[in-house]
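Participant: Pasting in a structure now, in structure tokens, and then I'll have a few things to ask.
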Number of protein chains: 2
Amino acid sequence: MPTPPVDTRHLVEHQTRREELLKGQFLHVLRDTVRLPDGSEAGREFIVHPGAVMVIALLDDGQVVLERQYRYPVQRAMVEFPAGKLDAGEPSLVCAQRELLEETGYRAKQWALAGRLHPAISYATETIDIWFARKLVAGERQLDAGEFLDVFSATPDQLLHWCFDGTVTDGKTLSGALWLQNFLAGQWPLEWQTQGL
Amino acid sequence: MPTPPVDTRHLVEHQTRREELLKGQFLHVLRDTVRLPDGSEAGREFIVHPGAVMVIALLDDGQVVLERQYRYPVQRAMVEFPAGKLDAGEPSLVCAQRELLEETGYRAKQWALAGRLHPAISYATETIDIWFARKLVAGERQLDAGEFLDVFSATPDQLLHWCFDGTVTDGKTLSGALWLQNFLAGQWPLEWQTQGL
């Protein structure tokens, strides 16, 4: 099923002005003025984000590594795949290896880049690279100061059931579950690369 | 596979102060100071969002209704399920019916609430209710001024292939594809309700 190229020029919005609305400790917000396809103008307010990674780490017993972390904006402890933001200039795989080690203590001998997701396309530039990791070696985690999270593991079937019953509502983790289900079914193959530990 | 209750009290963050950082035309940003589990303090900056809906609309020929829309923050035309924000006080199903009609022209006789997702748990309060719709009747769409998007349809297999090959990267749509795949496989049943048109 090849995807035919699609002409989207009639949908594109072009920047005409830019204004910085907020430079917080964490959030950076811009407002661009854009020219719409019909020539009129509109405002676009959005968060500038450095990008992030998520890691679907496969244990030798078939389970996957998960975290439980309190997410203040939604006022809930969420079940998630390990994830984190890119440091300035940091390659995606280096970030994935760093976040998995820091948050869970695991290192992995094999890695595969599955795909990419955009979590909030109407108000954030953020992209999340979806990595798979396998041939895991357990070690000591190295949480940042002020970081509190539980690490545990579950079977893919259990995780999928949690996606169905509302236990898992984190968008990136639901997207990761789609990848996990189709990879395990042999439908979505991955290209693995071997890394030194 | 019942989900055991989990004690998450050791992870919870408690608000101690609140400050409004930005009240834009579109984005509303707060900074709360929170007490962490170890008693120390930290800042949490986040977008206050009214909530949203997404609609997975099943055509009688087995295809699903999709949109192609330019999303300025990611500078790309994205393939998405129809979606939109709740108006103040608007019930979720009313919003789903309104957005499907306005953006695609379709009304649906049967609706089912599948689940909920949180697209950006580290910096937004947003929740998206995931609705399925079937028994569709086509009509005229009613786009807002300044809204430009293409409506088309695809088979679930084509959509899933686009999720695999990187054509679809929108997080809510990837999460919706997980629901679609498992609903169609008979794994994730839905409770349908019939609506007057």
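Participant: Could you give the angle, 0 to 90 degrees to the nearest 10, between helix B:171-184's Cα long axis and the longest principal axis of the Cα atoms of chain B?
Facilitator: 50
Participant: Based on the alpha carbon coordinates of chain B, what radius of gyration and maximum Cα-Cα distance (Dmax) apply, in Å?
Facilitator: For chain B, the Cα radius of gyration and maximum Cα-Cα distance read 19.0, 58 Å.
Participant: Another question, then. How compact and how long is the protein assembly as shown, expressed as Rg and Dmax of its alpha-carbon atoms in Å?
Facilitator: Using the Cα atoms of the protein assembly as shown, the pair Rg, Dmax is 20.8, 61 Å.
Participant: Related question: Please report the net charge: other residues with Cβ closer than 12 Å to the Cβ of residue B:83, K and R +1, D and E -1.
Facilitator: Computed value for this residue: -4.
Participant: Given an 8 Å cut-off on Cα distances and at least 6 residues of separation, report the relative contact order of chain A as a percent.
Facilitator: Relative contact order comes out at 21 percent.
Participant: Once a ≥ b ≥ c are taken as the square roots of the eigenvalues of the Cα gyration tensor of the range B:1-73, is the result rounded (a/c under 1.5), prolate (a/b larger than b/c) or oblate (a/b not larger than b/c)?
Facilitator: It is oblate, given that a/c is not under 1.5 and a/b is not larger than b/c.
Only the coordinates and a few stated rules stand behind these numbers; no lab work does. These figures come from a predicted structure and were not determined experimentally. Neighbour counts are summed over all protein chains in view; Cβ atoms, including those assigned to glycine, are modelled from backbone coordinates with ideal geometry.
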